[in-house]
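Sharing a structure below in structure tokens format, with a few things to ask.
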Amino acid sequence: MNYSGITNGMYGLIVGDALGVPVEFMDRGEIEWREQGPVTGMEGGGTYNMPAGTWSDDSSMALATLDSIKRTGTIDLKDIMDRVVLWDYKGKYTPDGFTFDVGRTCDEAIIKYKKTGDVTTCGRTGENANGNGALMRILPVSVFWANKQMSVSRDVTESAIKSIELVGALTHNHIRSGIACGIHYFITKNILMYKDKLILNEMIQKGIDEAFDYYSRKDGYNSELVHYEELSEIQELRKYDSERIVGSGYVVESLIAAIWCIITTDTFKDCVLKAVNLGDDTDTTAAIAGGLAGLYYGHGAVPSEWCSEIKGKKVINNLIWLESIYEDAVGYDEDLYRKYDGIDKWDIMSKGTVVQVVGYGNSTDKENDAADFEVFCRMMDSFWVAVNRYRQMMNKGNDGYVVSVLLGLGCLYYIAGFEGIKIEDEYKALVHYDDVDISDLEFKRYDRENKKRRRNRECF
């Protein structure tokens, strides 16, 4: 999986969700005329009386889906539902082990699945199965298939859409809801493919055009595709004033609202605040908009003051941030990856395994060196043991080389975070190790770069 994509997207989704939780079900007038006025940042209290930065079912179900994909390496419907059950009944994939804000349709599907174990019949059918509960959790699946398409020469559209619709149908088994998830995939794919080549609105329009072209040729879909007609020309949609946009729980209105927020703003911050202040299903509108906006703007675009208030950072870290480094280090051996993949991997892996895992890395590639060192620092009792073993494994016999690799790629910052040692002390200690001589000038550069990294990583 493209981890920069999934990190940025999930990051945006979770932040949008958390911003919207306190004012969920309030209409825009109620939000505007509150004593504190429209939402401008993370708030506590509100609808569920939760601490500021608390995220809800949108993020939890998306994280459960992501965890399933990463553990199985594919789209396994039963495994996804098993993890959703753990969320609903056990509080897994939540900031504090407490499940709240479970949508009615999702709850019905979970109860039905728990009784029957049948992924093909648990989702609600009929006109009333068109809430936004499938769309809000589809981002990991969209990213999975977008990455698949970018990695192969053949067209995987049919497989991707079939898979995406089946995942959506686990709770919302209706063509209209499935189309919304499909449109989400086409937009996601185009953002990831053309991020550095097209402007955001062009990527969104291209994705929508591909979606309309695909569904217009699919038997039985035209009568449902018409519900999304307002999306067909986003330049016209941009002209809508906010009174024409509804941030409701209806999947069509929810998707249109999210897209409108993205195409009428120029920053991640403005996008998600606009989504929240539309009112009604605030957390989900902002989660959908934030997920797509995050894919484009990146996690670094999220205000640091919001980052500092996000709850459940450990849960998030294990799934959307540190996994990218772990996969780099162990991706050379699939059996080893399957054996040790999981949320508690850092605790269960032994020191002996560390050497085995890192042994699969490519020691001629500095990026993989850094990834390997991250794994080392996570699993070794001591920073010093990690440095020494890393040096021995690389067979360089000189700490200056190790230091240069770490400085260039910022890995010392990771170590400081794990060991609870201040950046300056950590650096000076390493410099002192075997009397490696590094100039004050290089330290200043290192310190400056890591302050930037610290700001970016404070969120998760």
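No value in this document is a laboratory result; all are computed from the given coordinates. Model, not experiment: these values are computed from the prediction. Cβ: placed from backbone, ideal geometry, glycine included. Neighbour counts: every protein chain shown.
When 106, 261 are ordered from fewest to most other Cβ atoms inside 10 Å of their Cβ, what list results?
106, 261
Can I ask one more? Once you place label points 7 Å from the Cα toward the Cβ at residue 155 and residue 266, how far apart are they in nm?
3.8
Next question, about the same structure. Here are some pairs, 269/313; 239/269; 114/218; 162/218; which of them have Cα atoms lying more than 23 Å apart in this structure?
In this structure, 114/218 exceed 23 Å between Cα atoms.
Taking +1 at the Cβ of each Lys and Arg and -1 at the Cβ of each Asp and Glu, which of 296, 254, 273 sits farthest along the dipole of region 245-309 towards its positive end, judged by Cα position relative to the Cα centre?
Towards the positive end, the residue furthest out is 296.
Here's something else I'd like to know. To the nearest 20 Debye, how big is the dipole of region 3-310 about its Cα centre, given +1 on the beta carbon of each Lys and Arg and -1 on that of each Asp and Glu?
Dipole about the Cα centre, nearest 20: 1100 debye.
Rounded, prolate or oblate, given the Cα gyration tensor of region 263-316, with a/c below 1.5 counting as rounded?
Oblate, because a/c is 1.5 or more while a/b does not exceed b/c.
Here is a follow-up. Most exposed first by the Cβ proxy, i.e. fewest other Cβ within 10 Å, how do 189, 148, 274, 90 rank?
Listed from fewest to most nearby Cβ atoms, that is 90, 148, 274, 189.
For 242, 142, 216, which order do you get if you count the other beta carbons within 10 Å of each Cβ and list the fewest first?
216, 242, 142
Another question about this same structure. Calculate, for residue 199 and residue 305, the FRET efficiency according to 1/(1 + (r/R0)^6) with r their C-beta to C-beta distance and R0 45 Å; round to the nearest 0.05.
The value I calculate is 0.95.
Amide H neighbours of residue 50 under 5 Å, at least 5 residues apart or on other chains, H built in the peptide plane: list them.
45
For region 3-310, which semi-axes, largest first and in whole Å, follow from the square roots of 5 times the eigenvalues of its Cα gyration tensor?
Numbers: eigenvalues 132, 111, 70 Å².
Working from the Cα gyration tensor, I get semi-axes of 26, 24, 19 Å.
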